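Participant: I have a structure here, written as structure tokens, and I will follow up with some questions on it.
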Amino acid sequence: MPETTTGPSTTAWWRTASIYQIYVRSFADANGDGIGDLAGIRSRLPYLRDLGVDALWLTPWYVSPMADAGYDVADYCDIDPVFGDLGGAEALIEAVHEHGLRIIVDIVPNHCSDRHPWFQAALAAGAGSPERGRFWFVEGRGEGGDLPPNDWQAYFGGPAWTRITESDGSPGPWYLHMFTPEQPDLNWEDPGTLAAFEEILRFWLDRGVDGFRIDVAHGLMKKHGLPDVGPVPIPDDLPYQDRPEVHDVYRAWRRVTDSYAGERVMVGEIWLPTPEQYTRYLRPDELHSAFNFEFLCSAWEPAAIRDVIDYTLASHASVGAPPTWVLSNHDTIRHVTRYGREDTSFDMGHKRHDDPSDLALGTRRARAAALLSLALPGGVYVYQGDELGLAEVVDIPVDRIQDPTWERSGHTDRGRDGCRVPLPWSGDAPPFGFSGAHPQAEPWLPQPARWKQSTVAAQSEDSASTLNLYRDALALRRKLISQLPAAVTWIDAGADVLAFSRSDAFTCMVNFSDVPIALPGGYRLLASSDDTAGGGVLAPNAAVWLGADS
Ligand code: GLC
């Protein structure tokens, strides 16, 4: 019976936290413009407190032209007017704390907006200037420099380079943008970049935020000489990600967060092929934790999930960092939909929007996955709407699609809007209470009429709802599971079942098969993802939590 242990047990809040991701545009709209805002979040803090999460992570709230929904920042120290203002952010931070919650904000250091004064100054200053040195301006190849400097492709499709025209009308160099052309990559070899971001971190730490989610944390440094990736890029050795020098940035940032009282934390968005690679960012003097995308991407199959759990625990133990568990976020396909497909795995570069999905099956599995992820040691993320069991909205009319991926991919990838549709809070028709006192408001993405069964209000009334499953499970997690030793002991329960205990008082069992399985005797049922199952049975595609029989 193999046993794996995580790192040293400590009581730091972030080691066992449940963190709720708020996609600000789509959480709650107070002013009736159809776009979520900070006042909307404030008005819903009692909901989040009662849900039982420990902390909130907010997607970018900064001034932005919104070429990539706020991930193109034009001022890191102010709030976009569509969301509110700085005073509103300060009031929100305070109100979050008054509700017994913590708040993590998104920081976007790999790139800024092309409207940021840094980039505008770089365009104006001309070749060889320190202002241009903040970015990657490089002469093109070929005759007249009219070919991009190398063969890198942007993540959203197309070349990662755009050529500028100098102020005198002559063709200029190209600048690097790993995402849209409106998101120029910053040059992290320029010492001014580190200094500027340290000030930005302090700006928000001084205002009381409890930490940062770091966007594209693996991407900041580029390989010297900006070499081609070639026709067959090597995933473990890409010149635009996971360069060794990036760790010095996080060591410097850690010194900043450690200098503040109150356990301020940094969570990395690190998409790298293996946990061995991303846990290098979690050494004791770097980031505190990172999203476990292997878990998110894994097929819903017992052997695959067990493997991910085992190597997650082992790789995090090697650096003393807490593992995390995440099923969905604002960039992925909602897991209700993923888990109802024939191929239940997820690949960011190949989202398979048109794959059919059995949503009843996906829902059963998603509920089981909720109990599984909330039972494991470490931290857990809940993406807004997970707790409502929302599926991906796959039928957004193409003329309403906002994600730049759609255009950049030449209309081959619908992008990420399907998981970003504004939340349904109450009522029988759109906007389902999303815009509070403004029932005539039109949400920035259309909500499906079928969501009337999924609203917070409807689910609150139904004891068997996914919302109540989450509420009960999060309460038990806080009271019992988060106090348990950070060890997982596997129990052999057959090839279709994953079963593990965290102590004599807590066992989690997940049935991946389509047939019911007898539960062992001598336990007390603490929670079940399927409350139609009779006693003593673990229903198909379901999970249970078992406690010691008293
Ligand atoms: C991250 C964000 C994503 C954004 C991208 C560029 O992956 O999660 O939403 O588009 O970075 O900032």
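Participant: Regarding segment 407-415, can at least one residue be identified that is in a helix (DSSP H, G or I), assigned by TED's automatic domain parsing to the domain that holds residue 28 and at pLDDT below 95? I'd like the intermediate steps shown before the answer.
Facilitator: First pass over segment 407-415, keeping only residues in a helix (DSSP H, G or I): 407-408.
Within this subset, residues satisfying the condition of being assigned by TED's automatic domain parsing to the domain that holds residue 28 are 407-408.
Among the residues that remain, those that are also at pLDDT below 95 are: 407-408.
Checked against the condition, which is being in a helix (DSSP H, G or I), assigned by TED's automatic domain parsing to the domain that holds residue 28 and at pLDDT below 95, segment 407-415 yields at least one hit.
Participant: Now, a different point. For residues that are of a type outside the set (Gly, Ala, Ser), surrounded by 24 or more Cβ atoms within 10 Å (Cβ to Cβ) and within 17 Å of residue 502 (Cα to Cα), tally how many sit in segment 521-545.
Facilitator: The total comes to 2.
Participant: Among the residues of segment 336-383, what is the count of those that are at pLDDT below 95 and assigned to a helix (DSSP H, G or I)?
Facilitator: Result for segment 336-383: 0.
Participant: Looking only at helices (runs of 4 or more DSSP H) that fall completely inside segment 222-335, which ones have 2 or more residues that are at pLDDT below 95? Give the steps one after another, and end with the answer.
Facilitator: On the way: elements: 246-258, 275-278, 293-297, 302-317.
Those helices (runs of 4 or more DSSP H) span 275-278.
Participant: While we're on this one: Could you tell me how many of the residues in segment 88-108 are under 16 Å from residue 214 (Cβ atoms) and of a type in the set (A, V, I, L, M)?
Facilitator: So the first thing to find is which residues in segment 88-108 are under 16 Å from residue 214 (Cβ atoms), and the list is 103-108.
Add one more test, that the residue is of a type in the set (A, V, I, L, M), and what stays is 103-105, 107-108.
Count: 5.
Participant: So how many residues does segment 92-117 have that are within 16 Å of the ligand (Cβ to nearest atom) and more than 20 Å from residue 171 (Cβ to Cβ)? It would help to see each step written out before you state the result.
Facilitator: Looking only at segment 92-117, we keep the residues that are within 16 Å of the ligand (Cβ to nearest atom), and these are 104-116.
Adding the requirement that they be more than 20 Å from residue 171 (Cβ to Cβ) leaves 104-113, 115-116.
Residues that pass the stated criteria total 12.
Participant: Looking only at residues that are surrounded by fewer than 19 Cβ atoms within 10 Å (Cβ to Cβ) and over 27 Å from the mean Cα position of the chain (by Cα) in segment 436-463, which one is farthest from residue 423 (Cα to Cα)? I'd like the intermediate steps shown before the answer.
Facilitator: Step one: of segment 436-463, the residues surrounded by fewer than 19 Cβ atoms within 10 Å (Cβ to Cβ) are 437-440, 442, 446, 448-450, 452-453, 457, 460-463.
Going one step further and asking which of them are over 27 Å from the mean Cα position of the chain (by Cα), we end up with 437-440, 461-463.
Numbers: 437: 15, 438: 15, 439: 14, 440: 16, 461: 17, 462: 18, 463: 20 Å.
Going through the qualifying residues, I end up with 463.
Participant: Kindly indicate the residue of segment 177-221 that is assigned to a strand (DSSP E or B) and in the same structural domain as residue 90 (by TED's automatic domain parsing) and also farthest from the ligand (Cβ to nearest atom) among those meeting that condition. Give the steps one after another, and end with the answer.
Facilitator: So the first thing to find is which residues in segment 177-221 are assigned to a strand (DSSP E or B), and the list is 185-186, 211-214.
So of that shortlist, the ones also in the same structural domain as residue 90 (by TED's automatic domain parsing) come out as 211-214.
Numbers: 211: 16, 212: 13, 213: 9, 214: 10 Å.
Per the stated criteria, the residue is 211.
Participant: To continue, here is another question. Those residues that are of a type outside the set (Ser, Thr, Tyr) and under 15 Å from residue 369 (Cβ atoms), I need them from segment 500-537; list them, please. Give the steps one after another, and end with the answer.
Facilitator: So the first thing to find is which residues in segment 500-537 are of a type outside the set (Ser, Thr, Tyr), and the list is 500, 502, 504-506, 508-512, 514-522, 524-527, 530-531, 533-537.
Scanning segment 500-537 gives 500, 508, 509, 510, 511, 512, 527, 530.
Participant: Residues of segment 137-154 being within 16 Å of the ligand (Cβ to nearest atom) and of a type in the set (A, V, I, L, M, F, W, C), which ones? Write out each step before concluding.
Facilitator: Within segment 137-154, the first condition is being within 16 Å of the ligand (Cβ to nearest atom), and the residues that meet it are 152-154.
Selection gives 152, 154.
Participant: Select, from 152, 136, 161, 174, the only residue that is crowded, with 16+ Cβ neighbours inside 10 Å and out of contact with any strand residue (DSSP E or B) (no Cβ under 6 Å at 6 or more places or on another chain). Let's see the steps before the verdict.
Facilitator: On the way: 136 fails: out of contact with any strand residue (DSSP E or B) (no Cβ under 6 Å at 6 or more places or on another chain); 161 fails: out of contact with any strand residue (DSSP E or B) (no Cβ under 6 Å at 6 or more places or on another chain); 174 fails: out of contact with any strand residue (DSSP E or B) (no Cβ under 6 Å at 6 or more places or on another chain).
Answer to the check: 152.
The values are calculated or read from the model by the stated rules, or taken from the named source; none is laboratory data. Just so you know, these numbers come straight off a predicted model, no measurement behind them. Positions of Cβ are generated from backbone atoms using ideal geometry, with glycine treated the same way; all protein chains shown enter the neighbour counts.
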